[in-house]
Amino acid sequence: MSIQQNTASSAVSSTTSKLLQALSAVALGLFIVGFVGFSHVEAMHNAAHDTRHANAFPCH
């Protein structure tokens, strides 16, 4: 492999890694909002509710 091929391969790997990180963050966010925010377990719901208020995010 030449230096140019290694650089191109590294750039693709970096882009793939960033995309995977972004998708993981979206999935975690949806899990937190969907599961914890609407949970029937009172302690989990209250923790999410208080966190939303602490971050100035309107929830009701």
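The values are calculated or read from the model by the stated rules, or taken from the named source; none is laboratory data. Values in this document were obtained by computation on a predicted structure and should not be read as measured data. A quick note on method: Cβ atoms are made from the backbone with ideal geometry, for glycine too, and the neighbour counts reach across all protein chains shown. Heavy atoms of the whole protein, side chains included, go into the accessibility calculation; ligands, DNA and RNA do not. Shrake-Rupley method; radii C 1.70, N 1.55, O 1.52, S 1.80 Å.
Odds and ends about this structure:
- Cross-chain or 6+ apart pairs with Cβ under 8 Å, region 29-49 first and outside any loop (DSSP other than H, G, I, E, B), then at pLDDT 75 or above and open to solvent by less than 60 Å² (accessible area, probe 1.4 Å): V36/A47
- Verdict on S17 being among the hydroxyl-bearing types (S, T, Y), assigned to a helix (DSSP H, G or I) and under 16 Å from the mean Cα position of the chain (by Cα): yes
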